[in-house]
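These notes concern the structure reproduced below.
The values are calculated or read from the model by the stated rules, or taken from the named source; none is laboratory data. Because the structure is predicted, anything quoted here is derived from the model rather than measured. Counting neighbours? That spans all protein chains shown, and the Cβs are built from the backbone with ideal geometry, glycine included.
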Amino acid sequence: MTTEATTLRSDPLLQEPPPPQRPFQIRQALIYLLLILCGAIVIVPFLWMISTSLKTPDQLFTGRVDFIPNPAVPRNYIDVWERLSSVAPGMSFARIIGNTLFITILAMFGEIFSASLVAYGFSRFEWRGRNLLFGLMLATVMIPGIVTRVPSFLIWRELGLLNTYDPLTWPSLFAWGPLYVFLMRQFFLSIPRELEEAAIIDGANVAQIYWHIMLPLIRPVLLAIAVLSFQANWNNFQGPILYISTPQMFPLALAMRFFDQSLSRGEAPQWHYMMAMATMMTAPVLLLYFLAQKQFIEGLNIGAVKG
Amino acid sequence: MTTDPGALNTYLPTLIRYILVAIGVGVIMIIVYRVQIALGVKREAATGRALVTPWVIGFLVFNVFTIGTSLYLSFTEYNLFRPPEWIGLGNYQELFDVSFGTLESREQRSSDVLARRHSEIIRVEIGDGGFVFGARAASFWRSMRLTLVYAFVSVPLGLAGALGVALLLNQKVKGLGFWRVLYYMPAVLPAVATALLWRWMFSQSGIINTLTQPIWRLTTNEPPRWFTDANLALPAFVIIGLWGVFGANSVILLAGLKGIPQELYEAASIDGAGNWAKFRHVTIPMLSPALFYNLVTSTIAALQIFELAAFIQTPESVGTFVNWLIYQEAFTLRNMGMASAMAWILLLIILALTALIFRSSEFWVFYQGQREKA
């Protein structure tokens, strides 16, 4: 329907407007109406979060829906940290963001680096047992985290590394994200063999081929994975809640829970402060998403369409 | 509360160990390569195996060993302070200590089978009679019920919604990039923020009760208490779940729709197929691999919900998401053995459901000219 209508209209030989013009317009209007409606459902909670974060406590429970805070108090974003420091001295904005970034960046680099090596090994070399191991790797996606959680906790306890960032950072060097290996393997498989063979004839070794030929070629997928991995580690809650117990060492996700449990208990939950924290936690990932949305969406699509 | 060792003292040791481990991984890879060469393995195979070594180590330690340990612990009683005590099937016996009963009359509130230590999980009344299902580990089965019903409701609804939006976006709309970015946004939001934001919106004087005031005013004068009402908690969770995923899933399905060759539709038109026939016989089969992928990933994700339960408290009669319940059993109550048994039941349920979906895929998933398995 749509294709016919548009081709007819763009054809200069058929200047006369085609008869199904009116239903076509109604149809288009209906489509946009539905799209806008869905868009509103998506965006309203975001707007409400930001709006709440700028309100005074007495604007919270008015029984009306006001999206524009009056007066707007950006100071909530500073005050929330003063409240936190009053309970746990040293729990400052800089410290908590630092913790979150420390965990996120180390885990992200470990993940990308190890996943690209493993994917390289799974895609460009022939060896016996390859498909079996790759199948096993994909099967691990099904294991619920809760099954491995108790034993993992016991391992780190045995190593004396509870309440450190170790459990959240360096295990990433062992390619803990099967999805990322899978995505990169798909990409590696699409690279023509001749490139490698030419380099081998020129006397390059595996490390050189990987670094100078493969990595530049898979740059788009590396970027996609970097973005996905940053988001996943920044948002991580299940890992830190298990291993980190000192409030000053909390990443943002735990700091939010800490605020919720210690300062927002009782009759009047301090939603303006909690939404300010939620906005702070969301802003970097959202910004990254807007900047790299192409990579984000493509990264996911490789898995879905080629899977 | 433990004392703060200071920023530097928390970052630096981890950073040093991170670097040492990275070097160690490199050394191990070289050793794996050298050993194979010494054994006369071809260079290509030796390199390939050396490259996947990091994952193999991680797999052995963080998957094989932990799963084995978890299975062992599920047969023990263990509270961290004393060594695990073998109790055989004790934990499972307690979990499966369930009973069914029939209700003879309406008045029979707790039937005989549930009289002693079992509490009621499901009660169905048909006319004057009915039946009732109870268990000793009532909170576990209540939470399992909540989690499973949540998955069974939210996954198909989410998939249908995603498909609907993907079809809309595929209608040659202007500003496709804009819509895509917009719809995908909820999937970027941290789960922690999502949980808090929706708890606020669903709170008693929150935005949702304010907006729906004309509706609930018709029946009661009390604003609904979403998460404490046994009938409303599940719908509220489903709404949150749908908001979080339908946009992202529709973006994935859209890519699948774009990949359907236009000729197929033209051929169908020539054969006299209407819109519905085209949808049924071209779109759905061609999109089935993407639908399948979505179905598998969203089912697994729905059964692993954690953050929502961690931030939104529900009353005992509603239960909570089973992952959170298991977490509490292990780390709040310190019943590591019981928690492991619960986790294993969840694992088996997930495996069974996934196997079912894979089995069913033979009948409805269509791979174009490929013999490759998904």
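Overview of results
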| read-out | value |
| --- | --- |
| Boolean, B:F178 is of a type in the set (F, W, Y) and assigned to a helix (DSSP H, G or I) | yes |
| Residue in region A:49-69 that is surrounded by the most Cβ atoms within 10 Å (Cβ to Cβ), counting only those that are in a helix (DSSP H, G or I) and not small (G, A, S) | A:T52 |
| All helices (runs of 4 or more DSSP H) inside region A:102-221 with 1 or more residues being of a type in the set (A, V, I, L, M), at the interface with chain B (Cβ under 7 Å from one of its Cβ atoms) and without any contact (Cβ under 8 Å) to a residue 24 or more places away in the chain | A:130-139, A:145-158, A:206-209 |
| Selection from region B:224-280 of residues that are of a type in the set (D, E, K, R) and farther than 30 Å from B:Q204 by Cα | B:K258, B:E263, B:E266, B:D271, B:K278, B:R280 |
| Some residue of region B:267-286 being out of contact with any Asp or Glu (no Cβ under 6 Å at 6 or more places or on another chain), among the hydroxyl-bearing types (S, T, Y) and under 16 Å from B:V365 (Cβ atoms) | yes |
| Selection from region A:111-141 of residues that are over 28 Å from the mean Cα position of the chain (by Cα) and at negative phi | A:R124, A:F125, A:E126, A:W127, A:R128, A:R130, A:N131, A:L132 |
| Residue within region B:235-245 that is outside any helix (DSSP H, G or I), in the same structural domain as B:E307 (by TED's automatic domain parsing), surrounded by fewer than 19 Cβ atoms within 10 Å (Cβ to Cβ) and not polar (S, T, N, Q) present | no |
| All positions within region B:188-224 that are farther than 23 Å from A:S53 by Cα, more than 10 Å from every other protein chain (Cβ to nearest Cβ), of a type outside the set (S, T, Y) and assigned to a loop (DSSP other than H, G, I, E, B) | B:N221, B:E222, B:P224 |
| Members of region B:22-31 that are of a type outside the set (G, A, S) and within 37 Å of the chain's Cα centre (by Cα) | B:I23, B:V25, B:I28, B:M29 |
| Pick from region A:115-163, criterion of a type in the set (D, E, K, R) and surrounded by 18 or more Cβ atoms within 10 Å (Cβ to Cβ), ranking: nearest to B:Y327 (Cα to Cα) | A:R149 |
| Residues of region B:172-187 classified as closer than 22 Å to A:W234 by Cβ and more than 8 Å from every other protein chain (Cβ to nearest Cβ), total | 1 |
| Residue match in region A:73-87 (condition: under 27 Å from B:L211 (Cβ atoms) and modelled with pLDDT under 90) | yes |
